1. Identify, from the list 67, 47, 98, the residue that is more than 18 Å from residue 200 (Cβ to Cβ) and surrounded by 21 or more Cβ atoms within 10 Å (Cβ to Cβ).
2. For the structure I just gave you, tell me whether residue 201 is closer than 28 Å to residue 99 by Cβ and free of Cβ contacts under 8 Å to residues at least 60 places away in the same chain.
3. Going through the stretch 55-64 one residue at a time, which ones are over 18 Å from the mean Cα position of the chain (by Cα) and either surrounded by 15 or more Cβ atoms within 10 Å (Cβ to Cβ) or outside any helix (DSSP H, G or I) (or both)?
4. Filter the stretch 8-36 down to the residues that are in a loop (DSSP other than H, G, I, E, B), closer than 17 Å to residue 101 by Cβ and touching a strand residue (DSSP E or B) at 6+ places or on another chain (Cβ under 6 Å) and list them by number.
5. Condition test on residue 91, is it assigned to a helix (DSSP H, G or I) and surrounded by 15 or more Cβ atoms within 10 Å (Cβ to Cβ)?
């Protein structure tokens, strides 16, 4: 399968790209700085660009069978960049006839199946207080995807941490069958599997260890 991965040089994007290559996929990695992607492979094509640049995004999406976005907030990112980038990704996918989109966001983005407990409400209040712009951007990105006619899955993660690839992945919803942390390689594992699975088609599953 030909995969285009956005945010491939990020903390989740790197294990995602590694696992995609290990699984035999052909990968186009879209990155701002190629020096931050510490790998080479015969099935890896690196495309340098800014996700806010619609033409660059379209070039990276051309020829893909599926798109996976591991884009997330960074200290230097422009306000609303996740939503802007997602608009460009969705438009590029429509332009090139690519149907499957798997996109990462945080647990603060709500889903109909959620049953938040007190601790979940406290965490979301803290997010709104300390990182309101980031939460709003995540929600905006989800709205762009949900209003499209693509075959999408929005994967929500709680607190992300560096750790081993354990394969111990719980899938559920906020307050239902999931915990509060996940190792990035396990998150990448789940996201990669969604490129070929319809189990959570047009849903927002929450994953944790």
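Laboratory data are not the source of any read-out in this text; all were calculated from the coordinates shown. Everything numeric here is computed off the predicted structure, so don't read it as measured data. Note: ideal-geometry Cβ built from the backbone for every residue, glycine included; neighbour counts use all protein chains shown.
1. Values: 67 fails: more than 18 Å from residue 200 (Cβ to Cβ); 47 fails: surrounded by 21 or more Cβ atoms within 10 Å (Cβ to Cβ).
None of the other options fit; the residue is 98.
2. When the stated conditions are applied, residue 201 passes them.
3. Step one: filter the stretch 55-64 for residues over 18 Å from the mean Cα position of the chain (by Cα), giving 55-56, 59, 62-63.
56, 59, 62, 63 - these are the residues of the stretch 55-64 that are over 18 Å from the mean Cα position of the chain (by Cα) and either surrounded by 15 or more Cβ atoms within 10 Å (Cβ to Cβ) or outside any helix (DSSP H, G or I) (or both).
4. Just the residues of the stretch 8-36 that are in a loop (DSSP other than H, G, I, E, B), to begin with: 8-12, 23-25, 32-33.
Now drop any that are not closer than 17 Å to residue 101 by Cβ, which leaves 8, 12, 25.
Across the stretch 8-36, the qualifying residues are 8, 25.
5. Numbers: assigned to a helix (DSSP H, G or I): yes; surrounded by 15 or more Cβ atoms within 10 Å (Cβ to Cβ): yes.
Yes: the conditions hold for residue 91.
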